[in-house]
Amino acid sequence: MLAEPGEEAFLADLYEKEIGIFDEPVGGLDAVLASLPEELEALRRRRTEGTREAFRTKIAERVAEGRRAQHEGYDPLLDVRSASIPELTQLVKGAFERLGEEQPEGLEDDGEAGEEADATTSRSREIEAALQTLSRWLEEELEELVVEAGRRVGMEVDTDENVHPFETAFTFGSGMQIEALPGMEVPAEERTHLGSFWRETAVAHEELEWFATGHRLAEALLELARDGDAGRTAVIHSRAAPRSGAVYARFRLRWPAPADLAPGARVPSRQASRYLDEAPVSVLVDLAPGYRVVEGGAARLEASADSLRDARAAPPPAHAMEEAGRAAERAARDELARRVSQAVKRIEAHARAEEERLIASAREGGAARDAVERAMVSLLVHREVVEMALRGVKLELDAAAVVIP
């Protein structure tokens with residue numbers, strides 16, 4: 001729909017004067033401006049000078065109230081969602097552990113005691129550097145997985161011959177072994193997607209596609225690996241297998257469905273994920289009668305993933321698979337219960353620290369008494385809903401394999 005004469009000028013004036021996008025950031029005004037597109041469309045249908053002026057006044061009042069709430073209501077001492085350097089450090093450490101990599105030296109200890117501001121700034125820089133390192137590693141992991149998935153379904157994947165460094169070409173051709181990809185159609189004629197998994201390269205060369213998570217081809221191949229049978233089941237040879245063979249099962253954690261997905265909403269599951277170790281739960285169960293869990297077997301199997309070989313064998317008896325599956329589920333539930341218990345302890349420790357900080361802020365005059373009381377109530381509610389979300393976490397089988405020695 002084309003803009004009516006004078007409408008562009010009206011909108012420009014509205015955004016500049018009433019909303020003030022050039023004076024202050026509009027971040028934090030999501031709730032105030034969420035309905036603006038629909039309101040502007042309604043205004044166009046009954047456009048008069050009077051309705052425009054009334055609309056200007058209404059928007060200005062809403063924006064002013066939103067900014068006032070931001071300026072007066074925000075107090076870092078009272079914000080239970082504010083960034084916590086110790087928690088961020090633990091999250092980054094956990095990420096390095098899940099990738100099986102050594103932690104950066106700066107994160108291994110709390111560093112020298114010194115001026116609080118200087119120490120916080122130093123640790124923030126260390127966390128930033130660590131996150132950049134993690135980002136590069138994840139780009140490499142994504143590239144390896146998507147390239148391998150593309151080759152397995154018959155795509156021609158070029159990473160070093162007719163492409164520049166850090167570029168990859170995926171070509172749909174006559175060798176395709178599948179008729180469709182999730183969310184995509186396999187073209188009847190040959191087609192090539194040329195891009196990069198590296199953000200810097202994709203940004204520097206606009207003609208390249210950026211094969212990040214969210215790109216339709218990358219997501220399609222990831223879904224095949226993640227949810228397709230070829231990516232979720234296997235029969236493999238491994239030295240980690242006991243003499244009778246074993247069943248490997250990997251479970252992922254599934255959060256209860258969140259009640260609110262709006263931007264900035266305090267979804268319990270999202271808050272609870274700060275405290276719970278969300279790494280998949282992996283179990284290796286011996287197929288010998290008794291179906292005992294092989295302690296450390298799953299970890300050894302995963303550590304040797306690069307050397308695993310496909311195997312061909314008759315399937316184990318159905319009753320053996322059922323017994324091994326039940327044993328794997330029991331072990332996984334025990335591990336989940338242990339993680340939830342640890343997460344609850346972290347929440348309790350965090351809540352105690354927040355309470356002490358709030359009491360100190362009230363005692364030392366850093367915040368108004370009624371504001372502190374409201375924050376205490378908010379903290380209590382936050383703790384209750386987060387613990388409820390934690391206790392609603394379930395296990396979902398993500399992958400399974402029969403392992404042959």
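The values are calculated or read from the model by the stated rules, or taken from the named source; none is laboratory data. Please read all numbers here as calculations on a predicted model, not as lab measurements. Neighbour counts run over all protein chains shown; Cβ positions are idealised from the backbone, glycine included. Side chains included, ligands, DNA and RNA excluded: accessible areas come from the protein's heavy atoms. Shrake-Rupley method; radii C 1.70, N 1.55, O 1.52, S 1.80 Å.
Only residues that are in a helix (DSSP H, G or I), among the charged types (D, E, K, R) and buried (at least 16 other Cβ atoms within 10 Å of the Cβ) were counted across the stretch 360-402, and they come to 2. Taking the stretch 156-180 as the range and being farther than 13 Å from Phe197 by Cβ and of a type outside the set (D, E, K, R) as the test, the residues that pass are Asn162, His164, Thr171, Phe172, Gly173, Ser174, Gly175, Met176, Gln177, Ile178, Ala180. Scanning the stretch 41-61 turns up one or more residues that are at pLDDT 75 or above, in a helix (DSSP H, G or I), open to solvent by 60 Å² or more (accessible area, probe 1.4 Å) and closer than 30 Å to Val372 by Cβ. Among the numbered conditions (1) among the hydrophobic types (A, V, I, L, M, F, W, C); (2) under 17 Å from Leu222 (Cβ atoms); (3) modelled with pLDDT under 85, the only one that Leu142 does not meet is (3).
Just to check your reading of the model, which residue among Thr133, Thr213 is β-branched (Val, Ile, Thr), assigned to a helix (DSSP H, G or I) and either modelled with pLDDT under 90 or more than 30 Å from Gly94 (Cα to Cα) (or both)? Walk me through it before giving the result.
Working: Thr213 fails: assigned to a helix (DSSP H, G or I).
Only one candidate passes the filter, namely Thr133.
Residues considered: Thr159, Thr192. Of these, the only one that is of a type outside the set (Asp, Glu), within 19 Å of Glu143 (Cα to Cα) and out of contact with any Phe, Trp or Tyr (no Cβ under 9 Å at 6 or more places or on another chain) is Thr159.
Would the stretch 171-184 turn up any residue that is at pLDDT 90 or above, of a type in the set (Phe, Trp, Tyr) and open to solvent by less than 20 Å² (accessible area, probe 1.4 Å)? Before the answer, list the steps.
Taking the stretch 171-184 and keeping what is at pLDDT 90 or above, we get 171.
Then drop every residue that is not of a type in the set (Phe, Trp, Tyr), which leaves none.
No: the stretch 171-184 contains no residue that is at pLDDT 90 or above, of a type in the set (Phe, Trp, Tyr) and open to solvent by less than 20 Å² (accessible area, probe 1.4 Å).
Of Gly94, Gly106, which residue is among the small types (Gly, Ala, Ser), outside any loop (DSSP other than H, G, I, E, B), modelled with pLDDT under 75 and more than 30 Å from Val372 (Cβ to Cβ)? Talk me through it step by step, then tell me what you get.
Working: Gly94 fails: modelled with pLDDT under 75.
Just a single option satisfies the conditions, and that option is Gly106.
Mind listing whichever residues of the stretch 136-174 are of a type in the set (Val, Ile, Thr) and either in a helix (DSSP H, G or I) or without any contact (Cβ under 8 Å) to a residue 60 or more places away in the chain (or both)? Val146, Val147, Val157, Thr159, Val163, Thr168, Thr171, listed by residue number. Can you confirm whether the stretch 309-316 contains a residue that is among the basic types (Lys, Arg) and closer than 29 Å to Glu141 by Cα? Yes, because at least one residue in the stretch 309-316 is among the basic types (Lys, Arg) and closer than 29 Å to Glu141 by Cα.
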